[in-house]
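So the structure is just underneath, and the comments pick up after that.
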Amino acid sequence: MMMLQKILLPTDFGRSSEDALNWAVTLAKIFNSEIILVHVLPDDTNLEMAMDTMMLRKTAHNHLKDIRKKIRRNWIKTADPIIVKGSPFDWIVQLADSFDVNLILMGSGDKESEDKFKLGITANKVARKSTKPVWVIKQGELSPIKKILCPVDFSTPSFRALKNGIHLARRFEAELMVLNIVEPLNEKLTGLDLEFAKAVEIISKIQHSHYPLFLKKFDFHNVNWSKESCRGEPFTEILKVISKQSSNLLVMGTTGKTERSKILIGSVTEKVIREVPCSFITMNSEDVIKLRIEKEIKGLESSLKHTTQILEHGFAK
């Protein structure tokens, strides 16, 4: 049975936070999840601002109380809301780790539709730097998930992204497109040695040949999926495909642990999430969807080990 046990839901009571709440309720119903509500107050030491903070805390408490009622009306588990003061980014990341959540689900920030950069500062930082998976809901995004795009570059983060993208596509009965982009490196080598340019072209062809081998590692049963490959700047091509296919969810890996992967993966992700017109999920080192049986198997293995020791030492009777 799939498991999305805990969802951390930060809210600033804005329009995009309302959309995030609706999606959190939808996911919690599907996966029987617990929702953890949090609101971060501004950190001000000024006495006058401190008085304002007391009023803000009271107002926030009332808002969170209403949100919790809405969640509980759907028979979803949720504890007392959390109100803290300080940096929203720091608290969101810290609480996600403390509660060991499966997912941080948050609004993109209240942006106008004509804004080129459609992502708020806090959502941007959390999506790029959190070790936990982050699902950012774009303002006004209420339609069901019908088309999912998952770019891959054969790295560990993109492997994880596609694995989770497949689970989500299957669960929401959505179309899944897997996209691999080969950068035209030879076009950047104008004026360099011709043999070197040919060598780069050969490397590009090898990368292209890895695509089907990479896809063979996944189980696509009961998933309506397709694969695409193109040449170009990854950031530009991803946005083009989203626009062309009318994708309403992007699933991407973020930075790896090495400096090289931070440059190759992180820079693309950072550019894309700033301008992408749809909701998106970023993943670093953890899965959104986990198997409940994984924990059960670990428990069984532990019990088996102890039982074997009992038998070996003649304590069975």
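The values are calculated or read from the model by the stated rules, or taken from the named source; none is laboratory data. Just so it is clear, the model here is predicted, and its values are computed rather than measured. Quick reminder, even Gly has a Cβ in these numbers, built from the backbone with ideal geometry, and neighbours come from all protein chains shown.
Numbers below:
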quantity	calculated
Residue that is nearest to the chain's Cα centre (by Cα), among those in region 169-185 that are at pLDDT below 95 and crowded, with 20+ Cβ neighbours inside 10 Å	Asn180
The lone exception for Glu112 - which of (1) modelled with pLDDT of 90 or more; (2) of a type in the set (Asp, Glu); (3) outside the structural domain of Asn248 (by TED's automatic domain parsing) it fails	(1)
Scan of region 1-28 for residues that are among the charged types (D, E, K, R) and either modelled with pLDDT under 95 or not assigned by TED's automatic domain parsing to the domain that holds Leu105 (or both), ordered by number	Asp12, Arg15, Glu18, Asp19
Failed criterion for Lys118 (all others in (1) buried (at least 20 other Cβ atoms within 10 Å of the Cβ); (2) modelled with pLDDT of 90 or more; (3) in a loop (DSSP other than H, G, I, E, B) hold)	(2)
Out of Lys132, Lys125, sole residue that is basic (Lys, Arg), assigned to a loop (DSSP other than H, G, I, E, B) and in contact (Cβ under 8 Å) with a residue 12 or more places away in the chain	Lys132
Qualifying residue in region 95-102 (condition: closer than 15 Å to Asp12 by Cα and modelled with pLDDT of 90 or more)	no
So Phe220, is it at pLDDT 85 or above, surrounded by 12 or more Cβ atoms within 10 Å (Cβ to Cβ) and either in a helix (DSSP H, G or I) or in the same structural domain as Leu4 (by TED's automatic domain parsing) (or both)	no
